[in-house]
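Here's the structure we're looking at; comments come further down.
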Amino acid sequence: MEPSISTSVGSINLERPVMLASGILGISLDVFRRLHRNGAGAVVTKSLSKEPWEGYPNPTIFGLKNGGWINAVGLSNPGAPYFAKMIEPNNEIPIIVSLVGSIPEDFEFMIKQFENCKITAYELNLSCPHVAKVGLEVGDDPELVKKIVTVVKNTTKIPIIAKVGLGTTHYLDTVGTAIECGIDAITALNTIRAMAINVDTKRPILSNKYGGLSGPPIKPIALRCVYEISSKYDVPIIGCGGISTWEDAVEFFLAGASAVQIGSAIGDNWIGVFDDINSGIKKYMSENGFSTIREMIGVAKKS
Amino acid sequence: MQRNPNHTTICIVEKVIDETPTVRTLVFSDDVMSKVLPGQFAMVWIPGVNELPMSVMISNELGKAAFTVRKHGPASTALFNLKAGQQIGVRGPYGNSFDLKQGKILLVGGGTGLVPMMRLLTFMNPQDDVTVLIGAKTKDEVFFEDLANKLLTKNIHQVIVTTDDGSYGEKGYVTDMVKKLVDVNHYDGVYTCGPEIMMFKTVQYAHSKGLFVQASLERMMKCGVGICGSCCVGEDLVCRDGTVFDGDHLLSNPEFGHFHRNKAGIPEIY
């Protein structure tokens with residue numbers, strides 16, 4: 001029998017295990033449709049804020065000589081109210097809405113905007129490494145994480161995912177806090193705070209100076225984090241960070257992820273990357289006697 | 001080793017040419033950029049200021065390329081004000097290019113949209129019969145007319161300039177001239193770059209006559225590589241799927257000719 005690549009992240013059921021990561025391409029419903037048609041199991045929106053944000057001036061992204069990217073787009077987004085209206089007609093695409101804010105009330109306000117939309121899940125951005133007062137600065141504050149997750153869980157019945165990153169509070173503690181407050185799943189890992197300096201002009205390249213490192217250079221780190229989370233906690237995990245091939249995706253399943261997200265790989269390989277990874281996973285499963293994704297999850301921990 | 005197109009390369013501005021009071025061409029040496037295809041663009045870093053998507057202008061010197069910029073906002077004004085000897089960063093080239101047809105060819109350009117049109121002219125075959133339409137608001141803003149004639153010396157050709165106020169060339173919008181020409185002539189290929197409404201009308205007129213037509217689109221861009229999504233037009237990404245699109249594809253796109261997105265990603269009407 002042909003293996004099935006459908007998967008479940010807690011109560012979130014997906015026909016395909018490869019999703020679009022937040023921050024990538026996610027500003028229009030038309031583009032979501034195209035990504036879904038091309039193999040994305042779900043799409044995660046850009047992180048939405050209460051109001052529209054313009055983000056930082058360019059340069060906002062920079063390609064490293066040997067692969068990988070550093071970006072500080074600055075969470076540019078059209079704002080939750082506009083976005084909710086835009087996706088209201090959607091009935092077919094599994095959309096995970098990423099939210100960014102500073103206080104519990106921000107998240108509560110934004111979730112209310114989506115009352116008339118069909119949402120697969122919300123992903124809380126507790127980990128963007130290059131914008132003040134939100135993202136990682138929130139994720140690094142355990143009391144704030146506690147308050148936000150609690151309020152969000154009380155605001156909606158839709159599953160809530162927390163996306164974590166490497167900040168000053170140990171990410172395993174942040175995951176533990178989120179689990180205590182009833183989080184449904186964890187996405188690990190966000191980009192890692194980094195920078196690049198141009199030697200000819202002797203200045204940082206990004207207008208924000210600091211950005212987040214993504215792509216192949218961070219994959220081993222993200223993989224380690226997924227392995228550590230799944231070893232310590234019983235929580236569904238979405239693997240994210242430098243995944244660009246089916247082999248990378250399988251590594252994350254074996255480490256304990258139930259699904260994966262890809263971002264930078266789209267910049268390197270364009271939209272066909274979803275179908276490429278999906279079919280590679282399927283082939284691997286056939287060759288290795290797996291009939292479901294579930295059978296693969298965390299297998300590496302048993303060795 | 002081949003250079004990573006996503007990694008910024010620093011180039012020195014060697015020469016600055018005044019095209020009009022508000023348009024300048026900055027020439028620099030770079031082998032990669034000198035060989036780009038018409039329609040392709042570079043992300044151009046003005047250190048300490050900003051980074052802009054720019055169509056790559058031709059140079060008459062081997063191994064050199066240029067950017068032709070109109071001063072508009074703070075970033076383009078900073079680029080406009082650069083002097084010989086100053087540094088710029090380039091990454092790319094990005095994007096696709098025009099599909100070249102042979103025979104009777106019509107090019108329609110406005111403003112700095114003429115840049116990919118000039119590069120396209122360098123790809124014409126000697127037997128092509130080429131008409132170039134240059135649209136401008138007024139006489140002071142006309143540029144590249146002489147260059148177009150020079151690039152086409154081996155061809156049967158005509159270069160027609162229109163100005164909105166009639167201060168030079170034919171009076172009226174360039175798209176009125178497009179309509180006039182496609183009404184009485186068959187063209188094997190129509191190519192356009194410039195203000196979106198100009199392209200929209202050009203594509204409409206050409207398409208209504210069953211002509212092969214392509215347009216090179218411009219949008220606000222951040223990454224240039226298909227990651228940030230800023231330049232989406234409907235489901236298309238200008239940086240990655242374009243900048244060149246077929247006319248029939250564009251006419252089926254609900255945003256072409258109507259909306260562009262601001263920095264936050266909210267559509268704004270043209």
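The values are calculated or read from the model by the stated rules, or taken from the named source; none is laboratory data. Only a predicted model underlies this, so the values are computations on that prediction, with no experimental measurement involved. Backbone-built Cβ (ideal geometry, glycine too); neighbour counts: all protein chains shown.
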Open item on the list: Exactly one of these conditions fails for B:TYR205: (1) more than 15 Å from B:ASN96 (Cα to Cα); (2) away from every other protein chain (no Cβ under 14 Å); (3) crowded, with 24+ Cβ neighbours inside 10 Å; (4) free of Cβ contacts under 8 Å to residues at least 60 places away in the same chain. Give me its number.
Closed with: (3)
TODO: Output the number of the condition that B:VAL16 fails; it satisfies all remaining conditions of (1) within 14 Å of another protein chain (Cβ to nearest Cβ); (2) surrounded by fewer than 20 Cβ atoms within 10 Å (Cβ to Cβ); (3) over 23 Å from B:PRO195 (Cα atoms).
DONE: (1)
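I need the full set of residues from the range A:41-55 which are touching a Ser or Thr at 6+ places or on another chain (Cβ under 7 Å) and within 9 Å of another protein chain (Cβ to nearest Cβ), in order please.
Of all residues in the range A:41-55, those touching a Ser or Thr at 6+ places or on another chain (Cβ under 7 Å) come to A:42, A:44-48, A:53-55.
Within the range A:41-55, A:LYS46, A:TRP53, A:GLU54, A:GLY55 qualify.
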Open item on the list: Against the conditions (1) under 30 Å from A:ILE205 (Cα atoms); (2) of a type in the set (D, E, K, R); (3) surrounded by 15 or more Cβ atoms within 10 Å (Cβ to Cβ), where does B:ASP128 fall short? Just the number, please.
Closed with: (1)
Open item on the list: Just to check your reading of the model, which residue among B:GLY63, B:GLY85 is surrounded by fewer than 19 Cβ atoms within 10 Å (Cβ to Cβ) and either among the acidic types (Asp, Glu) or under 21 Å from B:ARG119 (Cβ atoms) (or both)?
Closed with: B:GLY63
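Just the residues that are in a loop (DSSP other than H, G, I, E, B) and either within 14 Å of chain A (Cβ to nearest Cβ) or of a type outside the set (Val, Ile, Thr) (or both), please, taken from the range B:35-47.
Here is the first cut: in the range B:35-47, the residues in a loop (DSSP other than H, G, I, E, B) are B:35-40, B:47.
B:LYS35, B:LEU37, B:PRO38, B:GLY39, B:GLN40, B:PRO47, listed by residue number.
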TODO: Please indicate, with yes or no, whether at least one residue in the range B:91-110 is at pLDDT 95 or above, of a type in the set (Phe, Trp, Tyr), surrounded by fewer than 21 Cβ atoms within 10 Å (Cβ to Cβ) and over 21 Å from B:THR202 (Cα atoms).
DONE: no
Task: strands (runs of 3 or more DSSP E) wholly inside the range B:148-257 containing at least 3 residues that are over 16 Å from the mean Cα position of the chain (by Cα) - done: B:156-163
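Table: residues versus (1) polar (S, T, N, Q); (2) surrounded by fewer than 18 Cβ atoms within 10 Å (Cβ to Cβ).
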site: A:ARG203; (1), (2): no, yes
site: A:ASN208; (1), (2): yes, no
site: A:GLY241; (1), (2): no, no
site: A:GLU251; (1), (2): no, no
site: A:ASN288; (1), (2): yes, yes
site: A:GLY298; (1), (2): no, no
- [ ] Please identify the pairs in which a residue from the range B:91-110 that is in a strand (DSSP E or B) has its Cβ atom under 6 Å from the Cβ atom of a residue that is among the aromatic types (Phe, Trp, Tyr), counting only partners at least 6 apart or on another chain.
- [x] B:TYR94/B:PHE41; B:LYS104/B:TYR187; B:LEU106/B:TYR187; B:LEU107/B:TYR191
TODO: Answer yes if at least one residue in the range A:285-301 is part of a strand (DSSP E or B) and touching a helix residue (DSSP H, G or I) at 6+ places or on another chain (Cβ under 9 Å), and no otherwise.
DONE: yes
Open item on the list: Could you tell me how many of the residues in the range B:213-228 are buried (at least 24 other Cβ atoms within 10 Å of the Cβ) and farther than 17 Å from B:HIS258 by Cα?
Closed with: 8
Task: Conditions (1) surrounded by fewer than 19 Cβ atoms within 10 Å (Cβ to Cβ); (2) touching a helix residue (DSSP H, G or I) at 6+ places or on another chain (Cβ under 8 Å); number of the one not met by A:ILE262 - done: (1)
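Of all residues being part of a loop (DSSP other than H, G, I, E, B) and touching a residue at least 40 places away in the same chain (Cβ under 8 Å) in the range B:259-270, which is nearest to the other protein chains (Cβ to nearest Cβ)? Just the residue, please.
Going through the range B:259-270, the residues part of a loop (DSSP other than H, G, I, E, B) turn out to be B:262-266, B:270.
Those left that are additionally touching a residue at least 40 places away in the same chain (Cβ under 8 Å): B:262-263, B:270.
Values: B:ASN262: 8, B:LYS263: 4, B:TYR270: 17 Å.
Across the range B:259-270, the extreme among qualifying residues is B:LYS263.
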Open item on the list: Given (1) touching a strand residue (DSSP E or B) at 6+ places or on another chain (Cβ under 6 Å); (2) within 14 Å of chain A (Cβ to nearest Cβ); (3) more than 23 Å from B:MET198 (Cβ to Cβ), identify the lone condition not met by B:ASN50.
Closed with: (1)
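Name the residue, out of A:GLY135, A:GLY67, A:GLY74, that is of a type in the set (Gly, Ala, Ser), within 30 Å of A:SER207 (Cβ to Cβ), touching a strand residue (DSSP E or B) at 6+ places or on another chain (Cβ under 9 Å) and within 14 Å of another protein chain (Cβ to nearest Cβ). Full working, then the answer.
On the way: A:GLY135 fails: within 14 Å of another protein chain (Cβ to nearest Cβ); A:GLY67 fails: touching a strand residue (DSSP E or B) at 6+ places or on another chain (Cβ under 9 Å).
One residue alone meets the criteria, A:GLY74.
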